[in-house]
Amino acid sequence: MTPANEASRRVLLDAVRAGKLARTVLLSGPAGSGKLSLALECADALLGDPHHRALRREHPDLVVADFGDAAYKVGDARALRVEAAKSPTEADVRVFVLRHTQNMTAEAQNALLKLLEEPLPAVYFFLLCENESAMLGTVRSRCLKLGTQPPDAETALSSLRTRFPDADEASLALALQEADGYPGTAAEILSQSASDDGRAAAQFASDVLHCLRARDELGLWRVLLSRDKMSREETAAFLDALERRALRDSSAAPDARLCMLIAEMRELCSANVHSSHILGLFSQYFVS
C-alpha cells in the first residue's frame with residue numbers, strides 16, 4: 001500500500017474504532033489504485049467478523065454492487081434503497097460498496113441522494129469512483145471524500161510486465177506515464193491500444209485536440225462530423241483518450257475550459273445522451 005493510501009486507511013480505521021465513521025465514504029482514484037481493497041478492509045472492521053469474510057466478499061451483511069461499464073440507472077438505485085432498508089443478518093450494521101459510481105445517471109444519483117439522506121444508522125456506504133467530477137455535487141457533499149494514490153514506479157512496472165509479457169519496456173513506461181502511475185489504468189490503455197476500437201478512439205482524440213489547440217473551429221467540425229454516430233462505449237473511450245492527451249501532456253499547460261467540457265460530456269455520456277449532442281458541446285470551447 002502506498003504512503004498516501006496508508007494515510008487514508010489510517011483515517012478510516014481510526015474512525016471505525018472510535019465509532020465516528022461517516023455513513024457515506026467516497027473513495028476516488030483510477031482503476032488499480034486500491035479503492036476496493038481499502039473499502040473491503042473498512043467493511044471488515046465495521047462488521048467485526050473474526051473470520052474476515054468481508055475481505056473475500058462473503059459476509060451476508062456486505063453488498064458489493066458492480067455494474068462494470070454499464071450505467072447505473074434509477075431502477076438500480078431504487079432497488080438499492082429497498083435492500084438498504086433490510087435489517088442486518090449477523091452483524092450490527094450492513095455495508096454497501098458501490099463500484100464505478102461515476103457511471104450512475106443523474107437520475108440514479110438523485111435517487112441515491114434520497115437514500116443517503118435517510119436516517120439509517122445501521123448502514124454504511126462506500127462509493128468507489130474513478131472520476132469524482134462525474135458525481136453530482138449534492139452527492140459529494142454528503143460524503144467523507146478520500147483519494148487513493150498509485151504504487152511506486154517499479155512496483156507498477158512489475159505489475160504491467162506480468163500482465164503484458166510481450167510488451168516492450170518503452171510501451172509499458174509510456175502507458176504508465178499516461179496513466180499517472182496507476183497500473184490498472186495503464187493496463188486499460190495497453191489493452192485498448194491493441195484493439196481497433198482503441199486505436200480509433202486514440203486517433204479521434206488526437207485529431208480533436210489538434211484542432212482545439214490550433215483554434216481551428218472549421219477543422220474541428222469536419223473531424224466531429226466524421227464520428228457523430230458513436231455508441232455510448234465508443235464515446236466514453238474517446239473521452240478517456242482525450243482526457244489522457246489533454247491533461248497529461250507535459251508539453252502543454254492544463255486547459256481548464258477543456259477539463260470542464262470533458263467532465264460535462266462524461267455526465268451526459270453516463271445519462272446515455274446521443275453522441276452528436278455530446279460532441280456538440282465543443283462549440284462552447286470557442287466562446288470567449
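The values are calculated or read from the model by the stated rules, or taken from the named source; none is laboratory data. Remember, predicted model here, so these are calculated numbers, not experimental data. For neighbour counting, all protein chains shown are included, and Cβ atoms are generated from backbone atoms with ideal geometry for every residue, glycine included. The area values use the complete protein model at the heavy-atom level, side chains included, leaving out ligands, DNA and RNA. Shrake-Rupley method; radii C 1.70, N 1.55, O 1.52, S 1.80 Å.
So the values come out like this:
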quantity	calculated
Any hit, region 151-160, residues being under 21 Å from Glu264 (Cα atoms), of a type in the set (Gly, Ala, Ser) and crowded, with 17+ Cβ neighbours inside 10 Å	no
Members of region 222-243 that are among the hydrophobic types (A, V, I, L, M, F, W, C), assigned to a helix (DSSP H, G or I) and either in contact with an Asp or Glu (Cβ under 6 Å, 6 or more places away or on another chain) or touching a residue at least 40 places away in the same chain (Cβ under 8 Å) (or both)	Val223, Leu224, Ala236, Ala237, Ala241
Region 241-288, subset touching a Ser or Thr at 6+ places or on another chain (Cβ under 6 Å) and either more than 24 Å from Ala108 (Cβ to Cβ) or small (Gly, Ala, Ser) (or both), residue modelled with the highest pLDDT	Ser275
Only listed residue being under 24 Å from Ala31 (Cβ atoms), charged (D, E, K, R) and free of Cβ contacts under 8 Å to residues at least 60 places away in the same chain, chosen from Arg161, Arg213	Arg161
Restricting region 1-19 to residues that are outside any helix (DSSP H, G or I) and either within 16 Å of Val95 (Cα to Cα) or among the β-branched types (Val, Ile, Thr) (or both), the residue that is most open to solvent (accessible area, probe 1.4 Å)	Gly19
Residue among Leu127, Leu160 that alone is modelled with pLDDT of 90 or more and within 26 Å of Tyr182 (Cα to Cα)	Leu127
Residue, modelled with the lowest pLDDT, within region 29-51, restricted to residues that are closer than 14 Å to Gly184 by Cβ, open to solvent by 20 Å² or more (accessible area, probe 1.4 Å) and touching a helix residue (DSSP H, G or I) at 6+ places or on another chain (Cβ under 9 Å)	Gly32
Filter result for Ala237 (open to solvent by less than 30 Å² (accessible area, probe 1.4 Å), within 21 Å of Glu130 (Cα to Cα) and of a type in the set (Gly, Ala, Ser))	yes
Flag for Val64 being in contact with a strand residue (DSSP E or B) (Cβ under 6 Å, 6 or more places away or on another chain), surrounded by fewer than 19 Cβ atoms within 10 Å (Cβ to Cβ) and assigned to a strand (DSSP E or B)	yes
Region 184-201 residues that are closer than 13 Å to Leu174 by Cβ, paired with ones that are open to solvent by 20 Å² or more (accessible area, probe 1.4 Å) and among the acidic types (Asp, Glu) (beta carbon under 7 Å, 6 or more apart)	Ile189/Glu178
Verdict on Arg227 being on the phi > 0 side of the Ramachandran plot and either at pLDDT 80 or above or touching a Phe, Trp or Tyr at 6+ places or on another chain (Cβ under 8 Å) (or both)	no
Candidates Ala22, Ala54, filtered to the one that is more than 30 Å from Ala153 (Cβ to Cβ), in contact with a helix residue (DSSP H, G or I) (Cβ under 7 Å, 6 or more places away or on another chain), outside any strand (DSSP E or B) and in contact (Cβ under 8 Å) with a residue 40 or more places away in the chain	Ala54
